[in-house]
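Novice: Please find one structure pasted underneath; my questions will follow.
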Amino acid sequence: MSQSEITTQSDSALSRAREWLARSLTQEKQMAAYMEPLIQVVMPGWQTDAIRSKVVQMRPETDDVYTLVIRPGKRWKGFVAGQHLRITAEQNGSLQTRFFSVSSSPAHYRDSGLIELTIRVQDSGRITPWLRDHFAAGGICNLSEAEGEFTLPAGAKPLLMIAGGSGITPFRSMLNQLASNNDPRDVHLLFYVRDDSNALFREEFEKIAAAHSNIRVTFMDGSKVGVVCEEHLREHCPDFENRKVMICGPTPMIQLARQTVRDLGVSDDNIMFEYFGAAPIEMDRGDGKDAFVSFERAGQSAIARNESPVSLLELAEGEGLKPTSGCRVGVCHQCKCTKRSGVVYNTLTGKYSDTGQEDIQLCVSVAVNDVVLDI
């Protein structure tokens with residue numbers, strides 16, 4: 001056995017011992033979780049599962065978009081270009097959490113110790129405008145570790161990136177990382193904006209494109225050219241069929257772009273996408289029948305209507321149940337539960353489950369046929 005294998009086994013045994021001791025004394029996995037309420041007396045907003053970090057700047061980008069420049073705490077493990085994270089801050093004694101993609105690159109974090117979250121103020125939103133005001137002069141927040149699979153694919157296959165609005169944020173991170181690494185693969189970004197005044201990071205992207213002949217950026221002014229279509233693809237990126245297509249932006253834009261490239265011959269294996277917000281329910285329940293959903297531990301049940309599908313989380317809440325939940329878009333995994341039997345459709349991945357027992361996320365799962373849940 002190698003020294004590295006011995007070290008790994010030793011670390012694993014130590015971790016198990018620590019968890020056993022914590023559970024024996026406190027019923028928690030970590031002693032820190034047990035001490036959390038006491039620590040919060042002197043450090044409001046402190047969380048066991050998050051990294052205390054410092055917002056050093058709030059930088060306006062447009063009238064309704066701003067960037068938070070953050071120095072993560074020393075325990076933060078870094079990120080891959082395209083990933084997102086959870087930011088939490090205290091508002092009038094209540095912790096508020098939202099998920100955002102990191103818009104700066106890993107190279108920038110390595111060199112400066114800083115990351116950037118670029119945020120659009122949501123119409124009728126409570127938290128996005130509050131975060132801008134709250135951190136106008138900096139402050140303390142909590143960050144989760146980064147996660148997500150909407151990242152640069154391995155290999156040298158050319159890429160077509162299609163962004164809409166604030167869906168540009170993961171692509172900004174990727175383009176800067178590609179430039180930093182002098183990655184030679186051919187990349188073309190089509191960036192759809194409401195109008196010219198909302199063309200985020202224009203100067204930055206133009207500098208990247210000028211310095212790297214393999215990277216092209218085309219700004220699409222929606223007020224003049226409309227939405228993504230076959231004509232745009234053939235005019236600006238005629239070899240799109242030979243590229244990996246990555247799409248990020250508002251839900252309607254993603255649905256339109258996906259369908260457009262599919263109709264033009266791009267296979268699903270060559271299409272990557274990430275929704276900003278809850279994914280739409282696009283499942284095919286071929287038999288047209290309603291489904292019976294049993295909430296086993298609660299001793300309750302509900303009917304999932306074929307004509308108006310909703311998530312299992314919404315279905316449970318409609319019956320007065322209160323499963324643990326958080327983001328409601330499939331990111332935080334707080335609503336994970338065990339499916340005893342039945343088939344569900346995952347609106348985030350677009351995949352159907354097997355019939356047997358497995359863990360699912362309630363907020364992005366829809367009943368396809370009769371389902372039994374351990375709730």
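The values are calculated or read from the model by the stated rules, or taken from the named source; none is laboratory data. Here the structure is a predicted model, which means the values were calculated and not measured. So basically every Cβ, Gly included, is an ideal-geometry build from the backbone, and we count neighbours across all protein chains shown. Just so you know, the surface numbers come from the protein's heavy atoms only, side chains and all, with ligands and any DNA or RNA stripped out. Shrake-Rupley method; radii C 1.70, N 1.55, O 1.52, S 1.80 Å.
Novice: Which FRET efficiency value, to the nearest 0.05, is calculated for Glu296 and Lys74 with the Förster distance at 51 angstrom and r the Cβ-Cβ distance?
Specialist: Given R0 = 51 Å and the Cβ-Cβ separation, E is 0.70.
Novice: On to the next question. Starting from the Cα-Cα distance between Arg126 and Arg340, subtract it from 0.36 nm times their residue separation and give me the gain in nm to one decimal.
Specialist: Between Arg126 and Arg340, full extension yields an extra 73.3 nm.
Novice: Moving to a separate point now. Distance between Cα centroids, the range 327-367 to the range 165-216: provide it in whole Å.
Specialist: If we compute the Cα centre of each part, the gap is 34 Å.
Novice: Under 11 Å from a point placed 7 Å out from the Cα of Ala156 along the Cα-to-Cβ direction: which residues of the range 172-216 have their backbone N that close?
Specialist: Inside the label zone: 184-186.
Novice: Mind listing which chymotrypsin sites (Phe, Trp or Tyr not before Pro) in the range 70-119 are in a DSSP loop and have 12 or fewer other Cβ atoms within 10 Å?
Specialist: On the way: sites: Trp76, Phe79, Phe99, Phe100, Tyr109; in loops: Trp76, Phe79.
Answer by residue number: there is no such site.
Novice: Then there is this: Using a 1.4 Å probe on the protein chains only, how many percent of the accessible area of the range 173-217 belongs to carbon and sulfur?
Specialist: Summing carbon and sulfur atoms, their accessible area is 44 percent of the total for the range 173-217.
Novice: Between Gln57 and Glu235, take the C-beta separation as r, use R0 = 41 Å, and let me know the FRET efficiency to the nearest 0.05.
Specialist: Computed FRET efficiency for Gln57 and Glu235: 0.55.
Novice: Here's something else I'd like to know. If I take R0 = 25 Å and measure r between the Cβ atoms of Ser308 and Asp370 in this structure, what FRET efficiency does the formula 1/(1 + (r/R0)^6) give, to the nearest 0.05?
Specialist: 0.90
Novice: GluC sites (Glu not before Pro) within the range 283-375: which are DSSP loop residues with at most 12 other Cβ atoms inside 10 Å?
Specialist: Counting only loop positions with at most 12 other Cβ atoms within 10 Å, the GluC sites (Glu not before Pro) in the range 283-375 are Glu307.
Novice: While we're on this one: Under a 1.4 Å probe, what is the accessible area of the range 75-231 per residue, stated in Å²?
Specialist: Values: 6850 Å² over 157 residues.
On a per-residue basis, 44 Å².
Novice: Let me ask another. So if each residue of separation counts as 0.36 nm, and I subtract the Cα-Cα distance between Arg262 and Thr355, what length gain in nm does that give?
Specialist: Full extension of this stretch gives 30.6 nm more.
Novice: Roughly how many Å² of Asp64 are accessible to a 1.4 Å probe, to the nearest 10?
Specialist: 40 Å²
Novice: What does the extension gain come out to for Asn182 and Arg110, with contour length at 0.36 nm per residue minus their alpha carbon separation?
Specialist: Value of the extension gain: 24.3 nm.
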